[in-house]
1. Evaluate the range 260-282: report whether one residue or more is out of contact with any Asp or Glu (no Cβ under 9 Å at 6 or more places or on another chain), surrounded by 16 or more Cβ atoms within 10 Å (Cβ to Cβ), under 30 Å from Met188 (Cα atoms) and of a type in the set (Gly, Ala, Ser).
2. Filter the range 160-175 down to the residues that are more than 11 Å from Thr111 (Cα to Cα) and touching a Ser or Thr at 6+ places or on another chain (Cβ under 8 Å) and list them by number.
3. Within the range 205-221, how many residues are modelled with pLDDT of 90 or more and either loosely packed, with under 12 Cβ neighbours inside 10 Å or not in a helix (DSSP H, G or I) (or both)?
4. Read through the list (1) more than 30 Å from Asp233 (Cβ to Cβ); (2) in contact with a strand residue (DSSP E or B) (Cβ under 9 Å, 6 or more places away or on another chain), then give the number of the only condition that Glu166 fails.
5. Do you know which residues across the range 247-298 are more than 39 Å from the chain's Cα centre (by Cα) and closer than 30 Å to Ser101 by Cβ?
6. Which of the residues belonging to the range 103-137 are in a loop (DSSP other than H, G, I, E, B) and not β-branched (Val, Ile, Thr)?
7. Going by what's in this entry, would Pro280 be described as farther than 30 Å from Lys130 by Cβ and modelled with pLDDT under 85?
8. Among the listed residues Ser160, Ser138, identify the single one that is under 30 Å from Glu196 (Cβ atoms), hydroxyl-bearing (Ser, Thr, Tyr) and surrounded by 13 or more Cβ atoms within 10 Å (Cβ to Cβ).
Amino acid sequence: MKRMNGLLKAVTFLLIFSFIVSLFAGCSSGAPAPASAPEPEMAMEVAFDALEPESEAMFFDEPADEWDLDEEVSIPVESPAAAEAPVPEGNMGPIPILLASETGRQLVYTTDIIIETTAFMEGQRRLLNKVEELHGHSERVIVNGRSLRNPTAERDAYFSLRLPPENLIEFIIFVEDHYQLYFLDKKMRDFTITHERNVVHLEELKEREERLLAELEEEQTTRNLRDLERDLDNIQADIRNLEAAATQLDWDVDFSDITISLFEIIFPEEKEEEEPVELPTFGERLQDVTVNSLENILAMLQGLLLFLIRALPWLIPLSIIVFVILRILKRVNIKTAKQKKSVVTPPVEPNPVTPKVNTHVEISNLGEKDS
């Protein structure tokens, strides 16, 4: 018990001593003194240095009314900053195209476009609104969104649109102005010859149809009736196919086909440059270590107290059982001790008493004899 008390006193003394040392170190290592404010003269010099370029610009940018036109005019040289200024890229301007309404030819336009944007939902809504504004319509729209489990995934959409050819150039310029144009493929196909050939062939088939109908109405015919009906069915089928092709061609001429692929681009966030971290002083480190150790001790004591409170329903019965067992063992030990005392022990013989010799007397006698 004395050793335990000595250890506790030593640990307590060390903790108090370290805490006092950390307090003194924290007071001595204060925050660095703020940088001194610039002197008024230095501030004036900085202000004049900042105003010098503006004064030079004002010198060169003189109004044209004050120049003497009779004398030679010297053109001011542009500064390097103005010479290296980036020129806006803009768009490629209107694309010249031929229209079927102006040329009378069967011209069909097909356009494939790939664009990119950082505002996906707004971009696709603006695109569809522009198509409606230009008297067009959509045939198919596919949108690939993203799951809530992956909110950083890039989205994409695909549009199959129809637009009058006279509004095609305006639509392309709109795409260049509001999106990042990645790919553009505009094709024009001239079906004038094919259309004229189909028209001539259609007229011939209609004439043959009229002849077969007239031949079927005659009572006396040299051909079999079934053969005439079969030929008439084939001719009428060809007529329907040519009429359907002509209708589809008229539709393609009136509304050009536009296929758009829209992709979302998500740029990674730029990380701010981290400021250099100043290393803590010895006093600050000692203070942090002391505070952490005290916090750990406090946390350990709190955890021990919580453990005792939680284990109290089990500790009370166990302590009662241990107390009962100890009492029983104590009684048993007392009984065994009494039984050992009651047993008769054999008498112990006394040791023979040896006579004491007076050595002092003998030594004195021996001295007298020698003398």
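The values are calculated or read from the model by the stated rules, or taken from the named source; none is laboratory data. This is a predicted model, so every value here is computed, not measured. Cβ placement follows ideal geometry from the backbone for every residue including glycine, while neighbour counts extend to all protein chains displayed.
1. The answer is no, given that none of the residues of the range 260-282 is out of contact with any Asp or Glu (no Cβ under 9 Å at 6 or more places or on another chain), surrounded by 16 or more Cβ atoms within 10 Å (Cβ to Cβ), under 30 Å from Met188 (Cα atoms) and of a type in the set (Gly, Ala, Ser).
2. Across the range 160-175, the qualifying residues are Pro164, Glu166.
3. 2
4. (2)
5. Once the filter is applied, which keeps residues that are more than 39 Å from the chain's Cα centre (by Cα) and closer than 30 Å to Ser101 by Cβ, the range 247-298 yields Thr247, Gln248, Leu249, Asp250, Trp251, Asp252, Val253, Asp254, Phe255, Ser256.
6. Matches in the range 103-137: Gly104, Arg105, Gln106, Ala119, Leu134, His135, Gly136.
7. yes
8. Residue meeting the stated conditions: Ser160.
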